[in-house]
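The values are calculated or read from the model by the stated rules, or taken from the named source; none is laboratory data. The shown structure was predicted, so the numbers you read here are calculated from the model rather than taken from an experiment. Neighbour counts are summed over all protein chains in view; Cβ atoms, including those assigned to glycine, are modelled from backbone coordinates with ideal geometry. These accessible areas exclude ligands, DNA and RNA; they are computed on the full protein's heavy atoms, side chains included. Shrake-Rupley method; radii C 1.70, N 1.55, O 1.52, S 1.80 Å.
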Amino acid sequence: MNIDRKKHWQFLEDELKAETEEFKKTYLTTAISLLKTSQEMYVAQFISFKDGEMIMKFPISRALPRKGDFLVCMVLPPELQDYRNWGDKTYRDLYKARYNSTECVCIWHSPANDPRYSLVGFSKVSVDFANYIKETPNIVLTFAPQRPPIDYVMNLQKVVEDKYSKGVASVLDANYQSKDWEPILIKQDNVPGFVHSQMTLTDTMILEGPPGTGKTYMIAELCARLCAEGHSVLVAALTNRALMEIAEKPAVEPLLEEHKIFKTNISMDEIRELGKLETIKSIAPMPGCLVMSTYYITSGYAAELSVEQPFDYVIMDEASQAILPMFAASRKIGKRNLWVGDIHQLSPIVILNSDRIKICGYKHLVEGLKLLADNSTSPIYQLTKTYRFGQRAANYTGVFYNDSLVAKESPEYNELPSMCKILSKDGGPTLVLTDMPSGDSTPQFATYMASFIVANIINDNKNKEIAVLTCMKKTTRALQMAITQKVGTRKNLLVDTVARVQGLTTDITIFFVPDYSYIRTLEPHLFNVATSRAREYTIIIADKYVLDCTTLDMKVRKYLERLKQDKSIYVPDPDHGLGKPTNLLEYQKSLSLYL
């Protein structure tokens, strides 16, 4: 199968149009409507910077941004800082009028001394923006939806148009023949040494890294070796957080001390974390140095590159989240390439709907790492030792990896006495079945059950890191409301959609699966991500008839069938799943009997 350049380009063009049209609906909407009606825009007062985080004061009379929300924060002219003066101005009008702006992410909520307000913390604030506002306490800032990565797609279009680069041609013009991928399992203890030696034999290597198998540690140790040999190394990743996790590892600390780690687009909190991290405005190879950048900036570098393969090595982390032209950009930049990812977890996020992707035959272009893995002429390897969880959890997650995972340690867990009826002392998953109304994405009893479990865990150990995950925004909002009412807002408690948490590690995960569109809520990639986040326990809450669903993925079914036999409990809904409102005291009595 050959995919001609026109199809590559047209896929990116269609994605660009989809992103533009989707955002235009918001961009051309009146700002006051986004603030008051759809609650997509926010106004708050700047308090201070602390430990690299921007602290803002929000009125509780309006919705707060969700934890994990990526937003644009703007300094507007003085007359527009009061939203009552916005009139009919659109988001676009405000954006054009801004004095300064930054991207940022909401990371925590906390009550203020004044009960009318909440304090909200933001990270990823640019250094330039911070310097602009930090001497202006009490300035009013406006937060709005983040703009889509239009420039990233346009950069990749330029890469596709490059007919002279052999690196680009090796990816985009290859003859692909679909086949089942069976990686070579790495069982050696010295994984970085093994990968280093293999990379001397090939110009491109793919490494599959299942959950918790030390991908980040391996990349850091490999970078240290390569830089010590005098090579120029570029590490690219989808997110800044992934890059920072590599820069924080002990293996590269000597490079950090010698000011040999450079990163584009450094934020205030990154400076706080690693004060000796060097900032660069643009990518450039430096012998013996490590350069780090996001796919977005790296794609722009590749698009404008006139010299073929200036870097000795390019390592792509989070490679399963890269669309195919990004791999072509990587091959254009680096003489040798290592692509590290996991095709059994989340695929790249694109705006084009699945029907359009199927009709146009774009699936291979979206799932770039899978296409390359299925057709690679070079050996493909898989890590097998997991450091995140014990063997029981490894056995379940291993369902997605041909039962190849081995835990480094298998400790016993017994720190949650109130949950001892349902949790295994060996850790890992538990299946909690109940009665859920069919087609209801916010089942009342099951939602209350999730909040009850969270409250019990916190009562046993207030320091446990807990993630409550589901696949739909509506379900997430219902869970957030129920859990906040039960335990309040806590920094070590995350309630979010699965699609936003790849890379997360927590102590305990509650995966909430309503009886609603199982094609979405039990999609295998999402299921694998949700059930492999926890070091200790994963609690899956689902309907008692979940296994009667005929569309269940084979591996998801195997996981759930095994778990139902091994560690499951049925907790009946006092309303028998009819969705009728009931006394919360009855809910609590019922749950206390079973959990």
Inset, instruction - Considering only residues that are more than 27 Å from Leu243 (Cβ to Cβ) and assigned to a strand (DSSP E or B), look in the range 181-203 and name the one that is least open to solvent (accessible area, probe 1.4 Å). - result: Leu185
Inset, instruction - Kindly indicate whether any position in the range 462-469 is open to solvent by 60 Å² or more (accessible area, probe 1.4 Å) and not charged (D, E, K, R). - result: yes
Inset, instruction - Kindly indicate the residue of the range 245-274 that is without any contact (Cβ under 8 Å) to a residue 24 or more places away in the chain and among the charged types (D, E, K, R) and also surrounded by the most Cβ atoms within 10 Å (Cβ to Cβ) among those meeting that condition. - result: Glu253
Inset, instruction - Determine, yes or no, whether Leu547 is within 29 Å of Leu593 (Cα to Cα) and open to solvent by less than 30 Å² (accessible area, probe 1.4 Å). - result: no
Inset, instruction - Determine if the range 564-578 includes at least one residue that is of a type in the set (S, T, N, Q), assigned to a helix (DSSP H, G or I), over 24 Å from Met472 (Cα atoms) and open to solvent by 80 Å² or more (accessible area, probe 1.4 Å). - result: yes
Legend entry - The lone exception for Ile539 - which of (1) touching a Pro at 6+ places or on another chain (Cβ under 8 Å); (2) open to solvent by less than 60 Å² (accessible area, probe 1.4 Å); (3) assigned to a helix (DSSP H, G or I) it fails: (3)
Legend entry - Filter result (closer than 23 Å to Trp86 by Cβ and touching a residue at least 60 places away in the same chain (Cβ under 8 Å)) within the range 55-65: Met56, Lys57, Phe58, Pro65
Inset, instruction - Determine which member of the set Lys6, Lys17, Lys25 is open to solvent by 70 Å² or more (accessible area, probe 1.4 Å), assigned to a helix (DSSP H, G or I) and under 15 Å from Ala144 (Cα atoms). - result: Lys25
Inset, instruction - Scan the range 523-536 residue by residue and report those that are crowded, with 23+ Cβ neighbours inside 10 Å and either part of a loop (DSSP other than H, G, I, E, B) or at positive phi (or both). - result: Thr531, Ser532, Arg533
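Residue by residue, here is whether (1) open to solvent by 10 Å² or more (accessible area, probe 1.4 Å); (2) under 25 Å from the mean Cα position of the chain (by Cα); (3) on the phi > 0 side of the Ramachandran plot; (4) of a type outside the set (Asp, Glu) holds:
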residue: Leu35; (1), (2), (3), (4): no, no, no, yes
residue: Gln39; (1), (2), (3), (4): yes, yes, yes, yes
residue: Gln45; (1), (2), (3), (4): yes, no, no, yes
residue: Phe58; (1), (2), (3), (4): no, no, no, yes
residue: Gln81; (1), (2), (3), (4): yes, no, no, yes
Inset, instruction - Restricting attention to the range 204-229, report how many residues are in a strand (DSSP E or B) and surrounded by 21 or more Cβ atoms within 10 Å (Cβ to Cβ). - result: 4
Inset, instruction - Go through Ile349, Ile359, Ile333, Ile343 for me and flag whichever is β-branched (Val, Ile, Thr), buried (at least 19 other Cβ atoms within 10 Å of the Cβ) and within 25 Å of Ala18 (Cα to Cα). - result: Ile343
Inset, instruction - Restricting attention to the range 391-407, report how many residues are more than 15 Å from Arg533 (Cα to Cα) and polar (S, T, N, Q). - result: 2
Inset, instruction - Give the residues of the range 443-456 that are touching a Phe, Trp or Tyr at 6+ places or on another chain (Cβ under 9 Å) and either open to solvent by 40 Å² or more (accessible area, probe 1.4 Å) or assigned to a helix (DSSP H, G or I) (or both), sorted by residue number. - result: Gln444, Phe445, Ala446, Thr447, Tyr448, Met449, Ala450, Phe452
Legend entry - Residues (more than 22 Å from the chain's Cα centre (by Cα) and under 20 Å from Leu405 (Cα atoms)) located in the range 374-383: Pro379, Ile380, Tyr381
Inset, instruction - Kindly indicate whether Ala242 is in contact (Cβ under 8 Å) with a residue 60 or more places away in the chain and part of a helix (DSSP H, G or I). - result: yes
Legend entry - Residue tally, condition within 30 Å of Pro183 (Cβ to Cβ) and open to solvent by less than 40 Å² (accessible area, probe 1.4 Å), over the range 414-429: 4
Inset, instruction - Sort through Tyr516, Tyr559 and tell me the only one that's part of a loop (DSSP other than H, G, I, E, B), at negative phi and among the aromatic types (Phe, Trp, Tyr). - result: Tyr516
Legend entry - Options Pro437, Pro411; residue that is modelled with pLDDT under 95 and either open to solvent by less than 10 Å² (accessible area, probe 1.4 Å) or under 18 Å from Pro514 (Cβ atoms) (or both): Pro437
Legend entry - Pairs with Cβ under 9 Å, 6+ apart, first in the range 109-132 and closer than 16 Å to Gly488 by Cα, second at pLDDT 90 or above and among the basic types (Lys, Arg): Ala112/Lys57; Tyr117/Lys57; Ser118/Lys57; Leu119/Lys57; Val120/Lys57
Legend entry - Tyr152, sole failed condition from (1) crowded, with 19+ Cβ neighbours inside 10 Å; (2) outside any helix (DSSP H, G or I): (2)
Legend entry - Matching residues in the range 361-373 - criterion: being outside any helix (DSSP H, G or I) and within 24 Å of the chain's Cα centre (by Cα): Tyr362, Glu367
Legend entry - Residues within the range 301-360 that are among the polar types (S, T, N, Q), modelled with pLDDT of 95 or more and not in a helix (DSSP H, G or I), tallied: 2
Legend entry - Number of positions in the range 31-47 that are within 18 Å of Gln81 (Cβ to Cβ) and outside any helix (DSSP H, G or I): 7
Legend entry - Enumeration of residues in the range 66-79 that are farther than 25 Å from Asn113 by Cα, free of Cβ contacts under 8 Å to residues at least 60 places away in the same chain and crowded, with 18+ Cβ neighbours inside 10 Å: none
Legend entry - Selection count, the range 94-124, where residues are within 27 Å of Thr484 (Cα to Cα) and assigned to a loop (DSSP other than H, G, I, E, B): 6
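Could you identify the single residue in Ser232, Ser178 that is in contact with an Asp or Glu (Cβ under 7 Å, 6 or more places away or on another chain) and surrounded by fewer than 19 Cβ atoms within 10 Å (Cβ to Cβ)? Spell out how you get there, then give the answer.
Numbers: Ser232 fails: surrounded by fewer than 19 Cβ atoms within 10 Å (Cβ to Cβ).
Within the list Ser232, Ser178, the selection yields Ser178.
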